[in-house]
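Following: one structure in structure tokens, then a few remarks.
The values are calculated or read from the model by the stated rules, or taken from the named source; none is laboratory data. These numbers were taken from a predicted model, which means no experiment stands behind them. All Cβ positions, glycine included, derive from the backbone under ideal geometry; neighbour counts span all protein chains shown. Areas reflect the complete protein model, heavy atoms only, side chains present, ligands, DNA and RNA absent. Shrake-Rupley method; radii C 1.70, N 1.55, O 1.52, S 1.80 Å.
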Amino acid sequence: MTAAAVSSRASARRNSALLGLLAWLGGVLFFLPFAWMVLTSLHSEPAAATNPPSVGAGLTLQGYREFFGAGSGVSPWPPLINSLTASVASTLLVLLLSVPAAYALSIRPVRKWTDVMFFFLSTKMLPAVAGLLPIYLIAQNAGMLDDIWLLVILYTSMNLPIAVWMMRSFLAEVPKEILEAASIDGAGLPTVLLRIVAPVAMPGIAATALISFIFSWNELLFARVLTGVVAGTAPVFLTGFVTSQGLFLAKVCAAAVCVSVPVLVAGFAAQDKLVQGLSLGAVK
């Protein structure tokens, strides 16, 4: 082996080690705020309010007990169930609508499909607050204020454009030969979508579903304005811990940890398919 080859391999190993170190550093920096939030949620209010924060203070579950209504008697389960209902229902509707749309734009492309994709993208350019008043007036006239199904409709319309963009890149990777064979065998469009396209593009579908679920679960603006007592979601319930009496940091951190758990569970459950899906459309 020549000296140049040895030097090249050593340089490649150094670069690989440097990239690995940077990746670990980035992971720690992203994880540190969440770890600090969990630690703060386990402190008492006086210990959480110290400046600088006390790392070695005693641990307690008082913040979690107050989140579940130990002191106020207010249960967090209705808002959590509302968020779960709105997020899951809107995600299913997004998948039901985005997969056929992406199929038409990638596997069976319509004319001027680039204009269609730009239209989907342009719908995300409008600030959400700009459409808040018209949506409020429409919901008021339709009698749908404080209705969880209004949020389902809104979240579906908000997440559908980005879902179509994602699914188009994923479905473009489906081998055309499989679809041609299915067409020769007489398979109709529903059969092709359910038995051929869906299994092949499952990593992309999982990634799209997870992102839609996260966007729906974390949405606050519309839920804050358009809901009240009946259809309030978890983020709206979370803001209720910031009162005029002050900011109770340990209680807020405990509530934030509990509200974050469903998203973390969904992310870990779909971790493998999420990584495959996010990289599926990147390699041509």
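Quick look at the values:
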quantity: Failed item, numbered, when Val263 is tested on (1) modelled with pLDDT of 80 or more; (2) surrounded by 18 or more Cβ atoms within 10 Å (Cβ to Cβ); calculated: (2)
quantity: Close pairs (7 angstrom Cβ cut-off, 6 or more residues apart or separate chains): aromatic (Phe, Trp, Tyr) in region 203-218, modelled with pLDDT under 90 anywhere; calculated: Phe213/Ala266; Trp217/Pro262; Trp217/Val263
quantity: Any hit, region 19-27, residues being more than 21 Å from Phe241 (Cα to Cα) and either in contact with a strand residue (DSSP E or B) (Cβ under 8 Å, 6 or more places away or on another chain) or of a type in the set (Phe, Trp, Tyr) (or both); calculated: yes
quantity: Verdict on Leu220 being at pLDDT 90 or above and open to solvent by 20 Å² or more (accessible area, probe 1.4 Å); calculated: yes
quantity: Helices (runs of 4 or more DSSP H) contained in region 60-155 and holding at least 1 residues touching a strand residue (DSSP E or B) at 6+ places or on another chain (Cβ under 7 Å) and surrounded by 16 or more Cβ atoms within 10 Å (Cβ to Cβ); calculated: none
quantity: Residues (within 16 Å of Tyr155 (Cα to Cα) and without any contact (Cβ under 8 Å) to a residue 24 or more places away in the chain) located in region 82-113; calculated: Leu92, Leu96
quantity: Any hit, region 173-191, residues being assigned by TED's automatic domain parsing to the domain that holds Ile214, out of contact with any Pro (no Cβ under 8 Å at 6 or more places or on another chain), assigned to a helix (DSSP H, G or I) and closer than 23 Å to Gln271 by Cβ; calculated: no
quantity: Total residues in region 46-59, condition in contact (Cβ under 8 Å) with a residue 24 or more places away in the chain and either among the β-branched types (Val, Ile, Thr) or open to solvent by less than 60 Å² (accessible area, probe 1.4 Å) (or both); calculated: 2
